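Participant: Structure incoming, see below.
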Amino acid sequence: MNITEKIIGEHLVSGEMRAGEEIAIRIDQTLTQDSTGTMAYLQFEAMGIDRVRTKRSVAYIDHNMLQSGFENADDHRYIQTVAAKHGIWFSRPGNGICHQVHLERFSAPGETLLGSDSHTPTCGAAGMLAIGAGGLDVAVAMGGGAYYLTMPKVCRVLLTGRLKPMVSAKDVILEILRRLSVKGGVGKVMEYAGEGLESLSVPERATIANMGAELGATTSVFPSDRRTREFFAARGRAGAWRELKADPDAGYDEEIVVDLSALRPMAAQPHSPDNVAEISSIAGIKVDQVCIGSCTNSSFCDMMRVAGILAGKHVAPNVSLTISPGSRQVLRALASNGALARMVTAGARILECACGPCIGMGQAPATDAVSLRTFNRNFYGRSGTPSAKVYLVSPEAAAVSAVTGVLTDPQSWDGGEAPYDVPELFDIDDGMLIPPVEDSSDVEVVRGPNIKPFPQAAPPAEELSGPVLIKVGDNITTDHIMPSNAKLLPFRSNVPYLADYCLTPCDPAFPERAKAAGVGFIVGGANYGQGSSREHAALAPLYLGVKAVLAKSFARIHRANLINNGILPLEFTSDADYEAAAEGEEVLIHAAPEQIREAAGGKALTAAIGGREVALKLEISERQRDILLAGGLLNYTRESGK
């Protein structure tokens, strides 16, 4: 068996481990963050379960950190009190980014982790099966329910050779994105193997696992080996380590080979993580901003490489450099060994241990600016400045370019790599982690005025009719569907407010048009809904009366979120039907229970768009069929108790 099969096999509740079959697995741990967590906990409360039933559930505050009004502070207070009420660990603001902290303090080889954030696979670096999902799926898991997914194919990524100086783990995943694209991992687990692993530390593996989300992969997983044991021991958690590796004769559905020694420093150009080029071929572009951090590249090792490059240098006059350590543990280590002082002396602006600029929470670039970021996404407008050009690069490339003032191949840097020591034992302080209390009977859950009831679906009508409210192209992201900038993040618990911004990056008139129609449909291209796991990209359309999304294909998490919220994810059987569809045309879909049952068996749903007969696929399992017929996962869970 390969690693993926071993972990799934140990946690299998139902189904068979055949690629394409629906399976259910037991979830050991969950994580939420405050952008998606408020909604997840509102949904958990609606289930009426007193206490979480996982081994460990953790609520992190790391996204909505700007306190420009009462909204974020109120949400944080709600999450802290609901965590205390229901047996959930609470990571306070300032403790760090959920994926970095969870990797350091709670990761466990061989366990399953479900998180309401698409970059939950970061913990695959420590041998976990860590999967991103919508908040409602996480709420069900917290209540002891299984997580249902399609058994993925397993793609073996064989790493050979060793990275050359100034080439990093970021370049590994950018190379894979260059080859496979943002759709290349859909329906797959990327399982890493090969002698090249020996030279990659767990933080480096975490960078690769983290950005596997940009491939559309279900998750990424690494073996738990000597390097994993070292990582755990250095963080005072040696007892949590166990060896986990694939059997010598393990089978895989696919394989790709990456020669680490052949890689060069790379950059993802605007506006997609798979628009990758070697930096040497595009070097010389004037840079206005450099942002180092995010859950992709904010580890102690990343920070030390940056500090080594900046030592004795100064940031170019035309560059604003920000650095966000990934956790309080990392920040304390940098402060103790002098690296933090070197960064500050070089002219870096030190931000708090949080997601920050990565999710548009501050540090929006200037008009038409070029911003180099060590982050995982460079979607159009995500930075907060639609005209900005965002490039994704390694910490080495970012730091060197901050000094030179232009995009620079770090291998051309005459400063070379500065050696650094990793502590044998980090200075551990978990004072910002609040464990659950045994008796929570006297805990009051506090809800601020910005927390509004979330919309809930009803079972579909036998005939769904209304206009095409909008038609969009391929690779529409959840940032397009439900923007997540600093002005909107404080309203993550207020769907009626957010709905006024739904799909506005594609068409500012969409919300008003949808409200005027009362009911309608979205037409999308391939890979509709890629990117973040944010459930609001389904909740806001639901609030606006969207009954179905008709697309060429869907991203995994968004498709599940649509089903969970009672919206039909319908696929065109012909690209010609997509091309012919136009905004404003009337749609009629026959969606009686018998039609939905037949669609689950493979029969196309019949529909008319603008009077033209169209066949649509509804590729769902029997369980998903029942969820749709119940009017969403929350109704289904209440009715079935599953």
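The values are calculated or read from the model by the stated rules, or taken from the named source; none is laboratory data. In this text, all values refer to a predicted model and were calculated from it rather than measured experimentally. Positions of Cβ are generated from backbone atoms using ideal geometry, with glycine treated the same way; all protein chains shown enter the neighbour counts.
Participant: List every residue pair whose Cβ atoms lie under 6 Å apart, where the two residues are 6 or more positions apart in sequence or sit on different chains, the first residue falls within region 614-630 and is over 20 Å from Ile23 (Cα atoms) and outside the structural domain of Glu586 (by TED's automatic domain parsing), and the second residue, located anywhere, is surrounded by fewer than 20 Cβ atoms within 10 Å (Cβ to Cβ) and aromatic (Phe, Trp, Tyr).
Facilitator: none
Participant: Which residue out of Asp117, Asp75 is closer than 28 Å to Gln530 by Cα, part of a helix (DSSP H, G or I) and either at pLDDT 95 or above or out of contact with any Phe, Trp or Tyr (no Cβ under 8 Å at 6 or more places or on another chain) (or both)? First the steps, then the outcome.
Facilitator: Details: Asp117 fails: part of a helix (DSSP H, G or I).
None of the others qualify; the one that does is Asp75.
Participant: Which ones in region 314-335 are small (Gly, Ala, Ser), over 22 Å from Pro93 (Cβ atoms) and out of contact with any Ser or Thr (no Cβ under 8 Å at 6 or more places or on another chain)? So that I can check it myself, show each step before the final result.
Facilitator: The initial filter retains those residues of region 314-335 that are small (Gly, Ala, Ser), namely 316, 320, 324, 326-327, 333, 335.
If we keep only those that are over 22 Å from Pro93 (Cβ atoms) as well, we get 316, 320.
Of everything in region 314-335, just one residue is small (Gly, Ala, Ser), over 22 Å from Pro93 (Cβ atoms) and out of contact with any Ser or Thr (no Cβ under 8 Å at 6 or more places or on another chain), namely Ser320.
Participant: Report, by residue number, each residue of region 611-642 that is in a loop (DSSP other than H, G, I, E, B) and in contact with a Gly (Cβ under 8 Å, 6 or more places away or on another chain).
Facilitator: First pass over region 611-642, keeping only residues in a loop (DSSP other than H, G, I, E, B): 611, 618-621, 631-632, 641-642.
Scanning region 611-642 gives Gly631, Gly632, Lys642.
Participant: Can I ask one more? Condition first: buried (at least 16 other Cβ atoms within 10 Å of the Cβ) and farther than 22 Å from Phe426 by Cβ. Now tell me which residues in region 311-338 satisfy that.
Facilitator: Within region 311-338, Lys313, Val315, Ala316, Val319, Ser320, Leu321, Thr322 meet the criteria.
Participant: Kindly check whether there is at least one residue in region 111-127 that is touching a Leu at 6+ places or on another chain (Cβ under 6 Å), crowded, with 24+ Cβ neighbours inside 10 Å and at positive phi.
Facilitator: Among the residues of region 111-127, at least one is touching a Leu at 6+ places or on another chain (Cβ under 6 Å), crowded, with 24+ Cβ neighbours inside 10 Å and at positive phi, which makes the answer yes.
Participant: In region 595-610, which residue that is free of Cβ contacts under 8 Å to residues at least 12 places away in the same chain and part of a loop (DSSP other than H, G, I, E, B) is farthest from Gly187 (Cα to Cα)?
Facilitator: Lys603
Participant: Only one residue in Ile176, Ile208, Ile131 is among the aliphatic types (A, V, I, L, M) and part of a strand (DSSP E or B). Which one?
Facilitator: Working: Ile176 fails: part of a strand (DSSP E or B); Ile208 fails: part of a strand (DSSP E or B).
That would be Ile131, the only listed residue that is among the aliphatic types (A, V, I, L, M) and part of a strand (DSSP E or B).
Participant: Within region 445-477, how many residues turn out to be free of Cβ contacts under 8 Å to residues at least 60 places away in the same chain and among the basic types (Lys, Arg)?
Facilitator: 1
Participant: So which of Ala366, Ala341 ends up being at pLDDT 95 or above, surrounded by fewer than 20 Cβ atoms within 10 Å (Cβ to Cβ) and assigned to a loop (DSSP other than H, G, I, E, B)?
Facilitator: Values: Ala341 fails: assigned to a loop (DSSP other than H, G, I, E, B).
When all the criteria are applied, what remains is Ala366.
Participant: Quick check on Asp474: is it charged (D, E, K, R), assigned to a loop (DSSP other than H, G, I, E, B) and more than 24 Å from the chain's Cα centre (by Cα)? Can you show your working first?
Facilitator: Details: charged (D, E, K, R): yes; assigned to a loop (DSSP other than H, G, I, E, B): yes; more than 24 Å from the chain's Cα centre (by Cα): no.
Spelling it out, it is not the case that Asp474 is charged (D, E, K, R), assigned to a loop (DSSP other than H, G, I, E, B) and more than 24 Å from the chain's Cα centre (by Cα).
Participant: Then there is this: I'd like to verify a number: residues in region 278-336 that are among the hydrophobic types (A, V, I, L, M, F, W, C), touching a Gly at 6+ places or on another chain (Cβ under 9 Å) and under 14 Å from Thr408 (Cα atoms), how many?
Facilitator: So the first thing to find is which residues in region 278-336 are among the hydrophobic types (A, V, I, L, M, F, W, C), and the list is 279, 282-283, 285, 287, 290-292, 295, 300-301, 303-304, 306-307, 309-311, 315-316, 319, 321, 323, 330-331, 333-335.
Next cut, touching a Gly at 6+ places or on another chain (Cβ under 9 Å) only: 287, 291, 295, 300, 303, 307, 309-311, 315-316, 319, 321, 323, 330-331.
Applying the additional criterion that residues be under 14 Å from Thr408 (Cα atoms) yields 287, 309, 315-316, 319.
Residues that pass the stated criteria total 5.
Participant: Considering only residues that are β-branched (Val, Ile, Thr), outside any loop (DSSP other than H, G, I, E, B) and surrounded by fewer than 24 Cβ atoms within 10 Å (Cβ to Cβ), which ones fall in region 369-410?
Facilitator: Within region 369-410, the subset β-branched (Val, Ile, Thr) is 370, 374, 385, 390, 393, 400, 403-404, 406, 408.
Imposing the further condition that a residue be outside any loop (DSSP other than H, G, I, E, B) reduces the set to 370, 390, 400, 403-404, 406.
Selection gives Val370, Val403, Thr404, Val406.
Participant: Follow-up question, since we're still on this one. If you check Thr207 against the conditions, is it under 23 Å from the mean Cα position of the chain (by Cα), more than 21 Å from Ile7 (Cα to Cα), among the hydroxyl-bearing types (Ser, Thr, Tyr) and crowded, with 24+ Cβ neighbours inside 10 Å? Even if it seems obvious, please write down each step before you answer.
Facilitator: Values: under 23 Å from the mean Cα position of the chain (by Cα): yes; more than 21 Å from Ile7 (Cα to Cα): yes; among the hydroxyl-bearing types (Ser, Thr, Tyr): yes; crowded, with 24+ Cβ neighbours inside 10 Å: yes.
Against the criterion (under 23 Å from the mean Cα position of the chain (by Cα), more than 21 Å from Ile7 (Cα to Cα), among the hydroxyl-bearing types (Ser, Thr, Tyr) and crowded, with 24+ Cβ neighbours inside 10 Å), Thr207 qualifies.
Participant: Still on this structure, I have one more. Tell me the residue from Pro121, Pro93 that is under 22 Å from Asn485 (Cα atoms), in the same structural domain as Ala217 (by TED's automatic domain parsing) and in contact (Cβ under 8 Å) with a residue 24 or more places away in the chain, please. Don't jump to the end; show me each part of the working.
Facilitator: On the way: Pro121 fails: under 22 Å from Asn485 (Cα atoms).
Among Pro121, Pro93, only Pro93 is under 22 Å from Asn485 (Cα atoms), in the same structural domain as Ala217 (by TED's automatic domain parsing) and in contact (Cβ under 8 Å) with a residue 24 or more places away in the chain.
Participant: Sort through Gly602, Gly584, Gly631 and tell me the only one that's under 28 Å from Tyr147 (Cβ atoms) and touching a Pro at 6+ places or on another chain (Cβ under 8 Å). Give the derivation first.
Facilitator: Numbers: Gly602 fails: touching a Pro at 6+ places or on another chain (Cβ under 8 Å); Gly584 fails: under 28 Å from Tyr147 (Cβ atoms).
Going through Gly602, Gly584, Gly631 in turn, just one is under 28 Å from Tyr147 (Cβ atoms) and touching a Pro at 6+ places or on another chain (Cβ under 8 Å): Gly631.
Participant: Next question, about the same structure. Could you grab me the full set of residues in region 229-261 that are outside any loop (DSSP other than H, G, I, E, B) and either in contact with a strand residue (DSSP E or B) (Cβ under 8 Å, 6 or more places away or on another chain) or not assigned by TED's automatic domain parsing to the domain that holds Gly20 (or both)?
Facilitator: Those that are outside any loop (DSSP other than H, G, I, E, B) and either in contact with a strand residue (DSSP E or B) (Cβ under 8 Å, 6 or more places away or on another chain) or not assigned by TED's automatic domain parsing to the domain that holds Gly20 (or both): Leu244, Glu254, Glu255, Ile256, Val257, Val258, Asp259, Leu260, Ser261.
Participant: Still on this model: Within the bounds of region 482-496, is there any residue that is over 24 Å from the mean Cα position of the chain (by Cα) and either buried (at least 20 other Cβ atoms within 10 Å of the Cβ) or polar (S, T, N, Q) (or both)?
Facilitator: no
Participant: Next up: What is the number of the single condition among (1) in a loop (DSSP other than H, G, I, E, B); (2) more than 21 Å from Arg534 (Cβ to Cβ); (3) aliphatic (A, V, I, L, M) that Ala84 does not meet?
Facilitator: Checking Ala84 against (1) in a loop (DSSP other than H, G, I, E, B); (2) more than 21 Å from Arg534 (Cβ to Cβ); (3) aliphatic (A, V, I, L, M), the one that fails is (1).
Participant: When residues of region 146-167 are filtered for being in a loop (DSSP other than H, G, I, E, B) and more than 19 Å from His119 (Cα to Cα), how many remain?
Facilitator: So the first thing to find is which residues in region 146-167 are in a loop (DSSP other than H, G, I, E, B), and the list is 146, 151-152, 161-167.
Narrowing the set further to residues that are more than 19 Å from His119 (Cα to Cα) leaves 146, 151, 161-167.
Qualifying residue count for the region: 9.
Participant: Also, quick follow-up: Yes or no: Glu243 under 18 Å from Ala125 (Cβ atoms) and either surrounded by fewer than 19 Cβ atoms within 10 Å (Cβ to Cβ) or basic (Lys, Arg) (or both)? Step through it out loud before you land on a result.
Facilitator: On the way: under 18 Å from Ala125 (Cβ atoms): yes; either surrounded by fewer than 19 Cβ atoms within 10 Å (Cβ to Cβ) or basic (Lys, Arg) (or both): yes.
Taking the combined requirement at face value, the residue satisfies it.
Participant: Restricting the search to region 568-589, which residues are out of contact with any strand residue (DSSP E or B) (no Cβ under 6 Å at 6 or more places or on another chain) and aliphatic (A, V, I, L, M)?
Facilitator: Result: Ala576, Ala580, Ala582.
Participant: Please work out which residue is nearest to the chain's Cα centre (by Cα), limiting yourself to region 564-583 and to residues that are in a strand (DSSP E or B) and farther than 30 Å from Phe44 by Cα.
Facilitator: Looking only at region 564-583, we keep the residues that are in a strand (DSSP E or B), and these are 568-572.
From the residues that got through so far, the ones that are farther than 30 Å from Phe44 by Cα too are 571-572.
Working: Glu571: 24, Phe572: 27 Å.
Selected residue: Glu571.
Participant: Out of the residues in region 50-68 meeting the condition of being within 20 Å of Leu351 (Cβ to Cβ) and over 23 Å from the mean Cα position of the chain (by Cα), tell me which one is surrounded by the fewest Cβ atoms within 10 Å (Cβ to Cβ). Reasoning before the result, please.
Facilitator: The initial filter retains those residues of region 50-68 that are within 20 Å of Leu351 (Cβ to Cβ), namely 60-68.
Of the ones still in play, those that are also over 23 Å from the mean Cα position of the chain (by Cα) are 67-68.
Values: Gln67: 12, Ser68: 10.
Filtering region 50-68 for residues that are within 20 Å of Leu351 (Cβ to Cβ) and over 23 Å from the mean Cα position of the chain (by Cα), the one surrounded by the fewest Cβ atoms within 10 Å (Cβ to Cβ) comes out as Ser68.
Participant: Another question, then. Pairs needed: first member in region 321-344, assigned by TED's automatic domain parsing to the domain that holds Leu407 and among the hydrophobic types (A, V, I, L, M, F, W, C); second member anywhere, modelled with pLDDT of 95 or more and surrounded by fewer than 18 Cβ atoms within 10 Å (Cβ to Cβ); C-beta distance under 8 Å; at least 6 residues apart or different chains.
Facilitator: Cβ pairs passing all conditions: Leu321/Gly347; Leu321/Arg349; Ile323/Arg349; Ile323/Ile350; Leu340/Ile350; Met343/Ile350; Val344/Ile350.
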